[in-house]
Amino acid sequence: MTRSDFLVIGLPAFLGGTLVAYIAQRAFRKLSLRNVPQSYRATHLDFKEWMINKRILRFPGACLADSMRPWITGEAVGIFLLLSSLSLDRTTQGAMDAAGIGFLSFACTTYIGLLGSSREALRSLRRELPVACFLFSLLLESGMGASMALQETSISIPPGPLSRELGELVRARSLGFSRADSFDRAMKRVPLEDYRLFLNHVRQGERLGIGLSGSLRGISEKMLEDQDHHAETIAQQAAVKMLFPLVCFIFPAVFLIILSPVILGVWDRIPA
């Protein structure tokens, strides 16, 4: 390593590594090893919320993506490409290029992973919403208040994006947020028309003091019907999507297997 390489790469890397070690020692000094995954998860979720507030992540449902798989995959890909690039070129320019390649690969991989995770969270929320709506109507029919019924619904449904969002709504109201602010925040977080319709029904029922059980049950039935129609549409599109692999891959292989004896026989009879 030359003097310029040491000044550009070695000294900043040493100072940066020392700073990272100091911060990690301060952060994990009072934590046991079993709490490290929770700290890792909380740190990445806080960073994701910061990117959402800064309008870096603008795709729908970004706040619902709580899986650590995109972060782990992005960090692994970034470190792998960084080390691979450094092993090929150990000069100052090579180190700068490797850092850029590692960061870009980490950012792209993480972004794509978060986009897929948010779409899966939206699909899960749409799938669980009719059940939650029907359960909420049953709790109201049993004489339970709307706030208590909403809290019980968030606990009773399977863990997932919908249970977290309903729990966040109940928690916001328990912290002193007004009814309008808590519902508006919940609607902004989830860009689904069915979810907003459900929350509007609950808000109007609480404000006007009208019965919600019958209307919520009707909404639940309508959501189930829409899901059935969507499933039928996907099933009808399957034949069209299968046409390309059938024509390009399966049919040529079948014809080759069937006609190969005939082609070989004709080829053998052709005089040299």
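The values are calculated or read from the model by the stated rules, or taken from the named source; none is laboratory data. Everything numeric in this text was worked out from a predicted model, so none of it was measured. Every residue, glycine among them, receives a Cβ derived from its backbone with ideal geometry; neighbour counts consider all protein chains shown.
Quick notes
- Boolean, G102 is at pLDDT below 90 and either assigned to a helix (DSSP H, G or I) or buried (at least 18 other Cβ atoms within 10 Å of the Cβ) (or both): yes
- Within the range 35-62, residues that are acidic (D, E) sit with their Cβ atoms under 9 Å from residues that are not in a loop (DSSP other than H, G, I, E, B), at 6+ positions apart or across chains, in these pairs: E49/C63.
- Within the range 146-182, considering residues that are closer than 27 Å to S117 by Cα and touching a residue at least 40 places away in the same chain (Cβ under 8 Å), the one farthest from the chain's Cα centre (by Cα): L150
- Among (1) part of a helix (DSSP H, G or I); (2) at pLDDT below 85, the one test that Y195 misses: (2)
- Failed item in (1) under 22 Å from L169 (Cα atoms); (2) surrounded by 13 or more Cβ atoms within 10 Å (Cβ to Cβ); (3) not acidic (D, E), with N53 passing the rest: (2)
Yes/no matrix, rows are residues, columns are (1) in a helix (DSSP H, G or I); (2) among the basic types (K, R); (3) farther than 18 Å from R126 by Cα:
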position: R217; (1), (2), (3): yes, yes, no
position: K222; (1), (2), (3): yes, yes, no
position: Q227; (1), (2), (3): yes, no, no
position: E232; (1), (2), (3): yes, no, no
position: F249; (1), (2), (3): yes, no, yes
position: A253; (1), (2), (3): yes, no, yes
position: I257; (1), (2), (3): yes, no, yes
position: P261; (1), (2), (3): yes, no, yes
